[in-house]
Amino acid sequence: VLMGLITPSTNLGSVVTQGLPSQVAGWYDFHIKQLYIRDTGQALGIDRLYIAHEYTHALQDQNFGLAKVQPDQTHWKLLDSDTYLAEHSLVEGDAVVLQYDYMNRYYTAVQRAALFRQEQAGGGAPLPRTIQEEFDFPYTTGPNYVTYLLNRGGYPAVNAAFRHPPKSTYELMFPGRHIAITKVSLRQVLGRFAHWHRVDDDVDGSFGYQQLVELHVTPALAGRLAQLWRGDRYILLRRGGTYGLLMVSAYQGAQASREAASIIEDALAVRFGGLY
């Protein structure tokens, strides 16, 4: 809400418990080694590619251990959602590539056309753009990353990625580009914010910074900020009904920092109707 990504009237509870789950076709629970498929009447018909998708997760788990590939962060004091999203995108990207490989091998032309019409029709109420993009990222950018690995070195390259998963969305968005990521630490806020309550402490990442500005600047500038990103951390503070957001981000050199600052300032000026 502070950054204008959702409106104050957005019912986030409904989005998380109803809107997002309505888009889930299947799920593999690696804790109990069981997979689930939503039965829409086509689970064994044109939707059976989702069974292939979830079976792929089971195979990933058997060979690499999904708890290791994408470890649970709920017990961490300082979270890194960017790393988790990158890891999760590898897992989902591999399964999406496999599900469409399965479809291309075993679906008839009529079945593929029916599936395409079903996917185009969609379903459910539209979600806020930022939330929808974050939900879609593992299923869109993830397959692009896995395809890059396959073209580079076949499944040995994909297997290597599962043994050493990507640690930032930058790696997914710009495969093949190697950067040094700065670990930003915000352990304490001094001055008049010392007595505020810390609500959240996390990393937005390259993709997160693109989302932070994309509603307020051109797509080219939002994409440029994602390319410039080299690390970040934020903390969300609260005192009574007042919130404050402190964001620190890192870039490679003074020129890149100035360019990134300019993009962020342009977005803030649109968001808040000017800069103070």
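The values are calculated or read from the model by the stated rules, or taken from the named source; none is laboratory data. What you are looking at is a predicted structure, and each value in this text was computed from that prediction instead of being measured. Counting neighbours? That spans all protein chains shown, and the Cβs are built from the backbone with ideal geometry, glycine included. Surface areas here come from the heavy atoms of the whole protein model, side chains and all, with no ligands, DNA or RNA. Shrake-Rupley method; radii C 1.70, N 1.55, O 1.52, S 1.80 Å.
Observations on the model:
- Segment 245-265, subset at pLDDT below 95 and over 28 Å from residue 194 (Cα atoms), residue least open to solvent (accessible area, probe 1.4 Å): 253
- Residue match in segment 11-23 (condition: open to solvent by less than 90 Å² (accessible area, probe 1.4 Å), touching a Lys or Arg at 6+ places or on another chain (Cβ under 9 Å) and of a type in the set (A, V, I, L, M)): no
- Residue within segment 62-83 that is of a type in the set (Phe, Trp, Tyr) and modelled with pLDDT of 95 or more present: yes
- Put simply, of 268, 221, 228 the only residue that is within 22 Å of residue 183 (Cβ to Cβ) and not polar (S, T, N, Q) is 228.
- Among the criteria (1) assigned to a helix (DSSP H, G or I); (2) at positive phi, the one residue 150 does not fulfil is (2).
- Subset of segment 202-236 [open to solvent by 20 Å² or more (accessible area, probe 1.4 Å) and touching a Lys or Arg at 6+ places or on another chain (Cβ under 6 Å)]: 216
- Under the condition of being closer than 20 Å to residue 236 by Cβ, part of a loop (DSSP other than H, G, I, E, B) and of a type in the set (A, V, I, L, M, F, W, C), the residues counted in segment 1-35 number 5.
- Matching residues in segment 24-79 - criterion: being open to solvent by less than 40 Å² (accessible area, probe 1.4 Å), of a type in the set (D, E, K, R) and over 22 Å from residue 160 (Cβ atoms): 29, 47, 54
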